[in-house]
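Everything below concerns the one structure shown next.
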Amino acid sequence: MLNKKTIIRTFEKIALYMELLGENHFKVSAFRTAANVLELDPRSLSEMDDILKLKGIGKGTGAVITDLIEKGESNLLNELEETVPKGLVPLLKIPGLGGKRIAKLHDAIGIDSVESLRLACVEGRVSKVPGFGKKTEENYLTEIDILGTRAGKFPIWQMEKVVSFVEEELQAIPEIKRFSVAGSYRRTEEESSDVDFIIVTEEPSIVREKLLASLPMVATIAAGDSKLSVTLDLEEAIDADFRFVKEEQFASAIHHFTGSKDHNVRMRQLAKSKGLKISEYGVEDQDGIVTTFESEEQFFNYFNLPFIPPAVRRNGTELDRAEELAGLVKLEDIRSDLHMHSTWSDGAHSVREMVEAARTKGYSHIVITDHSHYLKVANGLTPERLREQIEEIRLLNKEYDDIEIFCGTEMDILPNATLDFDDDLLSELDFVIASIHSSFSQSQEEIMDRLHTAMKNPHVNMIAHPTGRIIGQREGYNVDVPQLIRWAKEYGKILELNGSPYRLDLATEHLIMAQEAGVHIAINTDAHAIEQLDVMEIGVKYSQKAWLKKETVVNTWPLDKFIREITGK
């Protein structure tokens, strides 16, 4: 579904690719300016009479918008993606390298890949380019080494795009009765090396040929009537396995190929103790009779086990903790989302549109938490604008009797260890989130001083994405997480599990520590568009890896308890 954010991201990507190609500064600027115009406009796309008539939208940018509206894609962006040398794009993963600097290195010394940059740094050629020094050269080598440790691993947010693309292709093949992703992605692992699908079909050869014809591929590894293995060409080369099974084999196959390896070993040991043998085709007894199952639930029940969610199938010990599974938080337990953005700051949809989307999910309450004014790049709200938003939300709230809309903010914790809003303004809000978005390179002492300021403030309710990590891209800032958890307990603050697949922050080991310390966790989407509210499912699945209990998670609280616990009334 086309929204304002999609147009903004397209403009930004076009500008970036133009930079990589060394295009005229004014052409690049036109797309960045247009993106900024849309970002600052408080209206969502559906509220605009004619987006093409906005000041700052010219002929070139207007043509891109028309393409997106009519075709769902941009011809210009497609052309740029074909033109930009493939090796330049991975260079963007290296901190400190943006489009301009990459283009400069490309023109000056022919840098066209991560490996060519590494070699140039080793040979001291980068530091001789104007604007680059020895320290920069050393930093690049360090970051390239870090990047190398992740080689062959793809972060969950990247795998999500791959899975969505492949699922669309599978849905278009009528000979497929049903399918499911398996492997590490189904277990909600932070990174995966490949992707697996289980496909139910009576005509595997037809399905195989249709997949070979429709999927963008670098190579075919194996092609038979039970398995197709290929290397997909989707921004990066990713291996994909497709297993073809009969309907009655599906439950056993999806369990087997979901893993993990250690989980499967424990299940096989359990089966062996009963004189049975587990395979991807079913459970075989001593007489060679194979039992199959209608569902994974039935498969686990056969061994006197409850259904074990994929996310907790990790090291085999989950079989010993089976009695705890009933208490884990589930998607259907979620009653609220406490962190989302609207067009007031850098969101794609209006407050009303976010409310309507939350209603369709059956939520009893939500909090609108747009950015504070320090984050100018996100069109953060000044105190005056925040008070205007509070008034809008209070009026809007009167229209609904099935959902409560709370006024909030995602307020920056500033580099000098102060907060972006004063206490008088914070006291007017229902729910206050404090976050770090800047000066990540500060020492741990400085970072902790900033976090302690937020923790001590009586108006702050929650710390969002507490370590600032982006999976596969940055480690975040230097946080003493055990101390942060102790402060959260001492001051009665909520810590967030940000459900965005880019973040999943707090990480599993920290969630375990927080729950053991008696600290409450909020699983939030940090949605900047209505479709991003769906990442709640990823957040909940990830929380299960830490065995988070329903009572630990504040989003499971009914409205009256939320009001009582947050306001003290």
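Only the coordinates and a few stated rules stand behind these numbers; no lab work does. In this text the structure is predicted, and so the values were computed from the model without any measurement. Quick reminder, even Gly has a Cβ in these numbers, built from the backbone with ideal geometry, and neighbours come from all protein chains shown.
Measuring r between the beta carbons of residue 171 and residue 438 and using R0 = 41 Å, the FRET efficiency lands at 0.45.
Calculate the dipole size of the stretch 4-149 relative to its Cα centre from +1 charges on Lys and Arg beta carbons and -1 charges on Asp and Glu beta carbons; express the result in debye to the nearest 20.
Details: 21 positive and 22 negative charges, 88 e Å.
Roughly 420 debye, rounded to the nearest 20.
State the antiparallel share, in %, of DSSP beta bridges confined to the stretch 331-567, rounding to the nearest 5. Within the stretch 331-567, antiparallel bridges account for around 10 percent of the total. Kirkwood-type hydrodynamic radius, the chain: 26.1 Å, calculated from all non-identical alpha-carbon pairs.
Computed from label points 7 Å out along Cα-Cβ, the spacing between residue 227 and residue 382 is 6.4 nm. Note on residue 116 and residue 531: the model spin-label points, each 7 Å out from Cα along the C-beta direction, lie 3.4 nm apart. Over the stretch 4-149, all Cα pairs binned in 5 Å intervals from 0 give whole-percent P(r) values of 2, 9, 18, 18, 14, 11, 11, 8, 6, 3, 0, 0, listed from short to long.
Residue 71 to residue 280: FRET efficiency via 1/(1 + (r/R0)^6), r the Cβ-Cβ distance, R0 60 Å, to the nearest 0.05? Working from the Cβ atoms, E equals 0.90. Separation of the stretch 348-421 from the stretch 29-59 is 22 Å, based on Cα centroids. I'd like to know which of 163, 395, 16 lies farthest towards the positive end of the charge dipole of the chain, counting +1 on Cβ of Lys and Arg and -1 on Cβ of Asp and Glu. Of the options given, the answer is 16. With R₀ fixed at 25 Å, the C-beta to C-beta distance from residue 422 to residue 517 puts the FRET efficiency at about 0.25. Rounded, prolate or oblate: pick one for the stretch 88-212, where a ≥ b ≥ c are the square roots of the eigenvalues of its C-alpha gyration tensor, a/c under 1.5 means rounded, and failing that, prolate if a/b is larger than b/c, else oblate. In terms of gyration-tensor shape, prolate.
State whether the stretch 232-274 is rounded, prolate or oblate according to the following rule on the C-alpha gyration tensor (a ≥ b ≥ c being the square roots of its eigenvalues): a/c under 1.5 gives rounded; otherwise a/b larger than b/c gives prolate, and the remaining case gives oblate.
Verdict is oblate for the stretch 232-274.
For the set 153/545; 4/210; 227/261, the pairs lying more than 30 angstrom apart at their alpha carbons are 4/210.
The gain in end-to-end length when the residue 220 to residue 456 segment is fully stretched comes to 79.2 nm, 0.36 nm per residue minus the alpha carbon separation. Cross-link partners for residue 55 among the aspartates and glutamates, with Cα-Cα distance under 17 Å and sequence neighbours closer than 8 places in the same chain left out: 39, 41, 47. For the cross-link pairs 53/161; 86/135; 277/550, the ones whose C-alpha atoms lie over 30 Å apart are 53/161; 277/550.
Distance between the 7 Å Cα→Cβ label points at residue 25 and residue 141: 3.3 nm.
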